[in-house]
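Chemist: One structure, as C-alpha cells, below. Some questions next.
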Amino acid sequence: MELIGSTLTATYTRPKTSHFLPAISTMASSYRNTQPALAMNPNANLWRTNSYYKNSAVVPASSSIQRENLDLFRAKTMFYPSNRTAMGTRYMPDDWHKSNQNNYRESESSRKSAERLRRDTIRLIQDKEQLTRRTQENTSKNIGERLNDIVFWRSELNHEIDSMVTEIAALTDVKRRLERALAETEGPLQVSQECLYHREKRMSIDLVHDDVEKDLIKEVEVIKSCQERMKRHLDRAIAQLSSNRAAQHELERDLRDKVTAQRIDDRCHHLRNTSDGIVKYYLLCFITSNTISHDIFSVRISLPDSWSKFTDDNILLSQSERAASHKLRDEIEILLNTTSNEMWNQFNNVNVAFTNRVSETADAKNSLQSHLAKTLQEIFQTEMLIESLKKALRDKENPLKVAQTRLEERTRRPNIELCRDNPHHRLVSEVRALEDTIQKLQERLMEAENTLQTLVKTRMTLEHDLSIKANSLFLDQEKCMSMRKSFPSMPRLVGYT
C-alpha cells in the first residue's frame, strides 16, 4: 500500500535503510543557509508529496535560465571553509532519484512479500481450521459409535439381568415352596407314627396285622423317601441360587461400568469448543496409538475385542446358569407333583382302610365330619374374604389420598388460575366414587365378619356334637382318624400356602 503524501519521519513508516547513500551526520547542517534562494523562500524546506517529486523528474525548458541565474548568484557568494566542506558532501540529483527508486523497489518488494505471506497464512489458517474441524467431527463420530456399542451391550446386560432376576425370583419361589412342602411332610409323618403307636393299644383279637397297619407302615416309608429327595433338591437349589447371584453380580458390576463409561462418553460426545469445563490436559502423554504405559494403565486398559468378549462371556455365563436353574426348577416341580401325589395316594389308601375298619360306627360321625369340613373350609374362605376386603380397603386409601392431595394442591393456584376446570370436576367425582367404594367395602366387611362369627359358632356346635359321639367310636376313629384330618392339602404339599 502506497501512502501518498507521507513523510519519512511519520510514525507509521518503518525505518528504511538505503544501501545506495552512506549515512552522513552533517547532512542536516549542510542545508542551513547554503543557498540564499532557499532561505528567501520559506516554503522551500517544507515536505513535498510523492507526486511533486515525480513531476520534478521532468525538467522544463526554462530550467536552463534559472540554472544560469543561480550560477551568477553563486559566483557572488563567499564560501567559507565549513560551507565548502558541506558543499563537497552533497549528492547529485541522479543519486537522489536513484535512492528514491531503490526505496520504491524495496517497498514494493516488501509489500509483495508481506502480501504473499498474508495470503499463505490465511490459506494455512483456513486449511488447519478445516482439518481441525474434520478431526473433531471424526472424533465425535467415533465417540458416537462407541456410545452405540455401549448402549447395545448395556441393553443386552439389562435384558440378561432382568432375565436373571426373574430366574432368581422364580428359583427362590420354587425353593421356598420346596421348603414349605418339606416342612408340611413333618405333620403327616408324625400322624402316621402316632397312629401306629395308638393302634398298638388294641387288645385281644383286634391286635392283628391288618390292612390299616400295612398301609400306615408304607405311608411312613413313602413320606421319608419324599423327604430325602426334597432335601437333595433343596441343597441343589441353594447352590444354584448362589451361582445365579454370582453371575448377576458380575453382570451388575459390568453394567455399572457401562453406565459410567456411557455417562463419560456422552459428556465427551456433547463437548464443543464453546463448552464449559474444557481444560488442557497432558494425559495423552501416557497413551500412544501403539504403546500403553503399563505402570498406570496395564490393569484397566482393554482392547475392543477383549472389551466386547468380557461382556459376552458374562452374558454367556449368565445364560448357562439360567438354563441350569430352569432345568432345576422343572425337576423340583416334577418332584413336588410326584411326592404330593405319592403321599396323597398313600394317605387316601390309609384312610380307605380306616374307613372300612370303622364302617359300622362311621355313618353318623362321617356326616358330622363332612359338615365340619365344609364349615372349616367356609371359615377359611370367609377369613380370606375378610382379608381381601381389608386389603381392598387399604388399597383404596392411597388413591383417595392422591385425589384429595390433588384437590388440595389445586386450590393453591393463584388468581384466575383457580378455575373449576374439567380436572377439578373429575377429581371431585373421583373422591366421591372412592368414598362410596370404601363405604360399600366397609359394609361388606361387616357382613363378612358377622358371617364368620356365625360360621365359628356352627363349627363349635359341630365339634361339640362330635365330642358327644366320641365315646361311641372305636380306638381307630377316636385316635387315628381324628389326627389324619389335619393332613395337608394338595396345594400345601406342592409348597403353596
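The values are calculated or read from the model by the stated rules, or taken from the named source; none is laboratory data. Model, not experiment: these values are computed from the prediction. Neighbour counts are summed over all protein chains in view; Cβ atoms, including those assigned to glycine, are modelled from backbone coordinates with ideal geometry. Areas reflect the complete protein model, heavy atoms only, side chains present, ligands, DNA and RNA absent. Shrake-Rupley method; radii C 1.70, N 1.55, O 1.52, S 1.80 Å.
Chemist: Do we have K309 as outside any loop (DSSP other than H, G, I, E, B), open to solvent by 90 Å² or more (accessible area, probe 1.4 Å) and modelled with pLDDT of 90 or more here?
Modeler: Taking the combined requirement at face value, the residue satisfies it.
Chemist: In the range 407-450, how many residues are in contact (Cβ under 8 Å) with a residue 60 or more places away in the chain and in contact with a helix residue (DSSP H, G or I) (Cβ under 6 Å, 6 or more places away or on another chain)?
Modeler: 1
Let's see how each residue does on (1) out of contact with any helix residue (DSSP H, G or I) (no Cβ under 9 Å at 6 or more places or on another chain); (2) more than 29 Å from Q262 (Cα to Cα):
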| position | (1), (2) |
| --- | --- |
| D120 | yes, yes |
| Q126 | yes, yes |
| R133 | yes, no |
| N142 | yes, no |
| R146 | no, no |
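Chemist: Next up: Quick check, is K175 charged (D, E, K, R), out of contact with any Leu (no Cβ under 6 Å at 6 or more places or on another chain) and not in a helix (DSSP H, G or I)?
Modeler: No.
Chemist: Being without any contact (Cβ under 8 Å) to a residue 60 or more places away in the chain and either exposed (fewer than 10 other Cβ atoms within 10 Å of the Cβ) or within 30 Å of W307 (Cβ to Cβ) (or both) narrows it down to one residue among N142, N158; which is it?
Modeler: The conditions single out N142.
Chemist: Separate question: I'd like the residue in the range 376-407 that is polar (S, T, N, Q), farther than 30 Å from D476 by Cβ and over 43 Å from the mean Cα position of the chain (by Cα) and, out of all such residues, is surrounded by the most Cβ atoms within 10 Å (Cβ to Cβ).
Modeler: If we take residues in the range 376-407 being polar (S, T, N, Q), farther than 30 Å from D476 by Cβ and over 43 Å from the mean Cα position of the chain (by Cα), then T382 is surrounded by the most Cβ atoms within 10 Å (Cβ to Cβ).
Chemist: Just for the range 408-433: of the residues that are assigned to a loop (DSSP other than H, G, I, E, B) and within 37 Å of the chain's Cα centre (by Cα), which one is farthest from E397 (Cα to Cα)?
Modeler: R413
Chemist: If you don't mind, there's one more thing I want to ask. Within the range 356-375, work out how many residues are under 60 Å from the mean Cα position of the chain (by Cα), surrounded by fewer than 17 Cβ atoms within 10 Å (Cβ to Cβ) and among the hydrophobic types (A, V, I, L, M, F, W, C).
Modeler: Summing the residues that are under 60 Å from the mean Cα position of the chain (by Cα), surrounded by fewer than 17 Cβ atoms within 10 Å (Cβ to Cβ) and among the hydrophobic types (A, V, I, L, M, F, W, C) in the range 356-375 gives 1.
Conditions (1) open to solvent by 60 Å² or more (accessible area, probe 1.4 Å); (2) part of a helix (DSSP H, G or I); (3) at pLDDT 90 or above; (4) not polar (S, T, N, Q), marked per residue:
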| position | (1), (2), (3), (4) |
| --- | --- |
| K280 | yes, no, no, yes |
| S289 | yes, no, no, no |
| D295 | yes, yes, no, yes |
| E331 | no, yes, yes, yes |
| I334 | yes, yes, yes, yes |
| F354 | no, yes, no, yes |
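Chemist: Hey, does the range 230-244 have a residue that's under 30 Å from R176 (Cα atoms), in contact with a Phe, Trp or Tyr (Cβ under 7 Å, 6 or more places away or on another chain) and modelled with pLDDT under 95?
Modeler: no
Chemist: Would you confirm whether or not the range 338-349 contains a residue that is of a type in the set (V, I, T) and without any contact (Cβ under 8 Å) to a residue 12 or more places away in the chain?
Modeler: yes
Chemist: If the requirement is being over 30 Å from S370 (Cβ atoms), in a helix (DSSP H, G or I) and aliphatic (A, V, I, L, M), which of these qualifies: L452, L441, L466?
Modeler: The match here is L441.
Chemist: Within the range 165-179, is there a residue that is open to solvent by 80 Å² or more (accessible area, probe 1.4 Å), free of Cβ contacts under 8 Å to residues at least 24 places away in the same chain and of a type outside the set (A, V, I, L, M)?
Modeler: Yes, because at least one residue in the range 165-179 is open to solvent by 80 Å² or more (accessible area, probe 1.4 Å), free of Cβ contacts under 8 Å to residues at least 24 places away in the same chain and of a type outside the set (A, V, I, L, M).
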